[in-house]
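A.B. asks: The structure follows.
Only the coordinates and a few stated rules stand behind these numbers; no lab work does. The structure displayed is predicted, hence computed values, not measured ones. With ideal geometry, Cβ positions are generated from the backbone for all residues, glycine too; neighbour counts draw on all protein chains shown.
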Amino acid sequence: MHPAFLYLPGQRLTLPELTAARLDGDVVDVGEAFIPADLVEDADVRAASIAAIVQPGTAVCGPSAVWVHGACDAPPNPHHLRRAVARRIRAVQSPRVRYHDTPLPAEDLLIIGGIPITSPQRTLMDLALGSQRDRTLDRWAQMLIEHDPHLLGSARERIRTLRRVPGSRRALELLEGLGFRKT
C-alpha cells in the first residue's frame, strides 16, 4: 500500500478534518488511521495503520495480530506488542498498547505493511498459551481458527513439543475444544 493513501491524524489532516471526511463518506477509519473509502482494507493496510504505535524492537502480537491477519473486523483495544529482539528494551507506556516482555524468535515473525507481526501459527500458539491467565483470549483464538482452520494442527504440535511452559496443558485443552467446534 502506498503511504499516500494512509491518513494519520495530525500529519496532512487534523482529526476533526478526517472525522468530517468520514462523515462525508470520503474516508473510513482503520486502526489508528484513515484510508480512502474505496481502498480495500487488507493486512498491509491494517498493519500500516498501527505502525505509529509499534516501537522499534517490538512486533504486533496476540489479538492485534489476529486483526491484522484479517480474522476479525474490529481491532482490539488496547493493541498488543511483544519484544522482537533478544535484548531488553524500554517500552513506551501507553494506554493504547499492552506490552509483553518475552522475546520472539525471528522465524515466528512476518513483515506486513512494513512492521513485524507474529505469524498466524505463532499468534494462535500465544493466544492458547495465554488463555490460562486471560480467558478473553479464547475468543480471539476461535476467530483465528475460523479464519484458517489449518493452523489448528500445527499449533497443537508445536505446543506439544514445549517443555515446562506454563499454560501448555490448558492451551492443548482449548485447541482440542475449538477443533471439535469447527468440525
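A.B. asks: Specify the angular offset, from 0 to 90 degrees and rounded to the nearest 10, of the alpha carbon long axis of helix 151-161 from the longest principal axis of the alpha carbons in the chain.
C.D. replies: Approximately 50 degrees, to the nearest 10.
A.B. asks: I would also like to ask the following. Taking the Cα-to-Cβ direction at Arg164 and at His150 and moving 7 Å from each Cα, how far apart do the two end points lie in nm?
C.D. replies: Label at Arg164, label at His150, 3.6 nm between them.
A.B. asks: For the chain, what relative contact order do you get, as a whole percent, if you take Cα pairs closer than 8 Å and at least 6 residues apart?
C.D. replies: The normalised contact order for the chain reaches 16 percent.
A.B. asks: Ok, one more. What would the Debye equation give as log₁₀ I(q)/I(0) for the stretch 1-119 at q = 0.09, 0.11, 0.14, 0.20 Å⁻¹, counting only Cα atoms as equal point scatterers?
C.D. replies: Relative scattering, expressed as log10 I(q)/I(0), comes to -0.25, -0.36, -0.58, -1.07.
A.B. asks: How big is the gap, in Å, between the Cα center of the stretch 136-154 and the Cα center of the stretch 67-89?
C.D. replies: One Cα centre to the other: 16 Å.
A.B. asks: Okay, moving on. Quick one: Debye curve from the C-alpha atoms of the stretch 57-153, no solvent, what's log10 I(q)/I(0) at q = 0.18, 0.21, 0.25 Å⁻¹?
C.D. replies: Each listed q maps to, in turn, -0.78, -1.08, -1.48.
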